[in-house]
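One structure coming up, written as structure tokens, with questions to follow.
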């Protein structure tokens, strides 16, 4: 379909918002891109596929600055999380294409995004320090032997759980390879995968939280690592949409015009904003993320009521 000039302007503007949103904690543009493309085309699967590839563009542009400043860390424990997420993403795409679940892209998701953004704006983005007490309470219910409890107490005495060198192993809140660690990795990996497959999100926001809780990452390093992992999720999820789209629906879901104009806004604002965000404190990053999420949610509701 031929795009009108106002469509192009809106696409570039929305893409710019996604680049800004991605720069803070890897938050996807799904809540506003999907309703906009759905409004223009009426095809929810096309809208989701376009959002996934635009998230890939935005995440790549933002990740450049995080990687350049070494705000990332990859270790072998993350392999479990990403494998579970990819498998769950496949089934999420299949479930969406086989059921009438597209109704969730009406008012529910925008309202959820606004409420979540309001919480982050008022309370700040959770860090390993703010989550530590909650996680310890959960841990004590599952970890009953004396050795594991001693490890938890030793961790509590650590004033700041940060990475000193790239080779140093991060000390996680949950003891690595414990039963609770594997259980949470499995559950959270499934949530990440379903979120990507069913909702077309890069899941950077959720991955950031997981890295903080399970792996003890500081906020900026968790964002940088989450962006790298979300790029992998986007490539896999987009490929799955095309393969299953052809097998189940008999068509591919892609539109180069939508991707091009959204990508222009996302790429350039992602590079510019992520460089600025590097200078902010974790608290300021959380506040910025909350404000951006509320703004994106409001735009989504506007598109929904227009349609």
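The values are calculated or read from the model by the stated rules, or taken from the named source; none is laboratory data. As the structure is a computational prediction, the values presented were derived from the model and not from experiment. Cβ atoms come from the backbone with ideal geometry, glycine included; neighbour counts cover every protein chain shown.
Please go through region 276-299 and pick out each residue that is out of contact with any helix residue (DSSP H, G or I) (no Cβ under 7 Å at 6 or more places or on another chain) and closer than 16 Å to residue 209 by Cα.
Across region 276-299, the qualifying residue is only 283.
Related question: When you look at residue 3, is it in a helix (DSSP H, G or I), touching a helix residue (DSSP H, G or I) at 6+ places or on another chain (Cβ under 6 Å) and surrounded by fewer than 22 Cβ atoms within 10 Å (Cβ to Cβ), yes or no?
Considered against the rule, which asks whether it is in a helix (DSSP H, G or I), touching a helix residue (DSSP H, G or I) at 6+ places or on another chain (Cβ under 6 Å) and surrounded by fewer than 22 Cβ atoms within 10 Å (Cβ to Cβ), residue 3 comes out as no.
Specify which of the listed residues (263, 245) is at pLDDT 90 or above, surrounded by fewer than 20 Cβ atoms within 10 Å (Cβ to Cβ) and outside any loop (DSSP other than H, G, I, E, B).
From the options 263, 245, the qualifying one is 245.
Restricting attention to region 243-255, which residues are in contact with a helix residue (DSSP H, G or I) (Cβ under 8 Å, 6 or more places away or on another chain) and over 26 Å from residue 64 (Cβ atoms)?
244, 245, 248, 249, 251, 252, 253
Consider residue 76 carefully, then state whether it is in contact (Cβ under 8 Å) with a residue 40 or more places away in the chain, surrounded by fewer than 22 Cβ atoms within 10 Å (Cβ to Cβ) and farther than 28 Å from residue 14 by Cα.
It is false that residue 76 is in contact (Cβ under 8 Å) with a residue 40 or more places away in the chain, surrounded by fewer than 22 Cβ atoms within 10 Å (Cβ to Cβ) and farther than 28 Å from residue 14 by Cα.
In addition: With region 122-235 as the region, which helices (runs of 4 or more DSSP H) entirely inside it contain at least 3 residues that are at pLDDT below 60 and more than 20 Å from residue 66 (Cβ to Cβ)? Give the derivation first.
On the way: elements: 128-142, 146-156, 179-199, 204-215.
Because the criterion is at least 3 residues that are at pLDDT below 60 and more than 20 Å from residue 66 (Cβ to Cβ), the helices (runs of 4 or more DSSP H) in region 122-235 that meet it are 128-142, 146-156.
Also, quick follow-up: If you check residue 273 against the conditions, is it under 19 Å from residue 204 (Cα atoms), in contact with a helix residue (DSSP H, G or I) (Cβ under 6 Å, 6 or more places away or on another chain) and at pLDDT 90 or above?
no
Of the numbered conditions (1) modelled with pLDDT under 75; (2) more than 21 Å from residue 41 (Cβ to Cβ), residue 305 satisfies every one except a single condition; which is it?
(2)
Which of the numbered conditions does residue 54 fail, given that it passes all the others? Conditions: (1) crowded, with 24+ Cβ neighbours inside 10 Å; (2) without any contact (Cβ under 8 Å) to a residue 24 or more places away in the chain.
(2)
Against the definition (crowded, with 22+ Cβ neighbours inside 10 Å and assigned to a helix (DSSP H, G or I)), how does residue 48 come out, yes or no?
Numbers: crowded, with 22+ Cβ neighbours inside 10 Å: yes; assigned to a helix (DSSP H, G or I): yes.
The answer is yes for residue 48.
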